[in-house]
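Each reported figure results from applying straightforward, stated rules to the coordinates on display, with no laboratory input. Treat the numbers as computed from the prediction; the structure is a model and nothing was measured. In this analysis, Cβ positions are derived from the backbone assuming ideal geometry, glycine residues included, and neighbour counts consider all displayed protein chains.
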Amino acid sequence: MIGIIILNISILISNITVNEIEKFDDKLPDIKTELLAPAKNMKAVKAAAKYSDAIYFGIKNFNMRERADNFELKDLMKVVNYCHDRNVKAVIASNILVYDHELDNLKMLLESAVACEVDSVIVHDLAALQMAKELGLPFHISTQCNVSNSISAKFYEDLGAERIIMARECSLEKIKKIKSNLTKAMIESFVHGAMCTAISGRCYFSAVICGDSANRGKCIQPCRRSWRVIDTENNEFIYDGVRFMNSRDLCMVHHIPEMIEAGIDCLKIEGRMRSPHYVDVVSGVYRDAIESYYDGTYSKKKASKWIKELRKVYNRGFTTGFYFKRPTESEHQHVSPTNLSHYRMIKMGKIKEYDPETKLATVLLTNGKVYKGLEIFITSSTTETYFKQEVFWALFDGKKVKETPKASPRKPIEIKLTMIDEVIPGEDKIYVFTNKTYKNRYLLKKKKDKIKKSDYYRL
Ligand code: SF4
């Protein structure tokens, strides 16, 4: 059997010219399809670095998410070093339209990117493309450029693009075709996250409504709101749902094999406005899905489990976007403009003291109890700490316990916990990700109890 296979391979090789083999090798820059995750701050970088091959982030004033935290130029070296120390690529998003008075700043940003050894930059404006090219900085063509056909893709490839991010409006069939016509450039495509109702890069809705343009990274998302459309003769455009332009979020976790087999080199998660915890969960799920594909264990059962996990974090309901068919009204989220998940990060207490030698932290527990197997998150809005860990035991009253008594703001208790990473006393807090308090809220409502806002968050 082995002999037959070897014979067949050698016949096949003898029929292919050396040039063709080189060309074929050129088309396979990576063995595996990469996972690219978003980060709006250092905490999200830490969350993403555990699972992704590359992280993309914006620097203030030069990216499509001006309303996100974004990094300062002075943070660039720190972010790149953090990524590179973990074998993760660092990608800057600089994909807004640029005006003349901003060219000097743009140049400074790209020069800093080169100096800090950023791996690549995502560009939209041809000025950014040209500058990156002159500086020898690999550039990726933003989805804002709407690359939707082979000639456009080839055009950018010939300009030297390392990668082309497909327009969100491309089907998998179209992507396959585009990929087959490229010789060097890689293809990247969105796998999860928010979708626009308009063609990406061509929406002026926000600009017209309030002067803040989506193409300058300042979209106020008017498409998410409920609208009544009435013409000058008072005829109302009736649609099945008041939020008729509010797209559901893209979710392709149940189609990872099709995406990889379409020749997509990199699967991109949208979400530079999202929390570190969102990035953590979504990139973790997609890492599992990609690995499962390559080790042959990908299954529908696993995909259903992943979707359950993805539903727990921010989502507007899911759609497969344009990958298989043109979206219809059922791909819109008519009911809610925002998060459908009832899961939230609930604060349990804060770190009072920390001993870096023993890694023991003294925690003032003010909400709920800590027990063996509980997954807790340690983070804060004022520090760069972000990590999660499982509780194995706690020290309460000088004794090791598997479960602590229940604490409340009126009856706080002090416990000690071993931390798997550094924490900052007085700043960092302990959270749990749960929907439990929301259940409490509904129960209370039924009983017509008077409830305070703080009661929503009581465990
Ligand atoms: S208004 Fe809606 S469709 Fe237009 S860019 Fe903003 S999010 Fe996208």
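In the chain, a dipole from Cβ-located charges (positive for Lys and Arg, negative for Asp and Glu) runs towards its positive end, and of SER299, VAL401, ALA93 it is VAL401 whose Cα lies farthest in that direction. Taking GluC sites (Glu not before Pro) across region 345-420, the ones in a DSSP loop with at most 13 further Cβ atoms lying within 10 angstrom of their Cβ are GLU357.
Distance between the C-alpha centres of region 281-322 and region 338-365: 27 Å, rounded to the whole angstrom. Region 212-232 and region 147-200 have their alpha-carbon centroids 26 Å apart.
When the GluC sites (Glu not before Pro) in region 102-189 are filtered for DSSP coil states and for at most 14 other beta-carbon atoms within 10 Å of their beta-carbon, the remaining sites are GLU117. With only Cα atoms counted, the chain has Rg and Dmax values of 24.8, 81 Å. The chymotrypsin sites (Phe, Trp or Tyr not before Pro) found in region 158-217 that occupy coil by DSSP, while having at most 12 further C-beta atoms within 10 Å, are TYR204. Below 8 Å between Cα atoms, with a sequence gap of 6+, how large is the relative contact order for the chain in percent? Once divided by the residue count of the chain, the mean separation gives 14 percent.
The dipole here belongs to region 54-141: it is taken about the Cα centre, uses +1 on the Cβ of Lys and Arg and -1 on the Cβ of Asp and Glu, and is about 280 debye.
Using the Cα centre of the chain as the reference point, and only Cβ charges (+1 on K/R, -1 on D/E), how large is the resulting charge dipole? Debye, rounded to the nearest 20. Rounded to the nearest 20 debye, it is 3240 debye. For LYS176, the aspartates and glutamates whose Cα falls under 18 Å of its own Cα, not counting residues fewer than eight places away in the same chain, are ASP25, ASP26, ASP30, GLU34, GLU157, GLU162, GLU188, GLU258, GLU261, ASP265.
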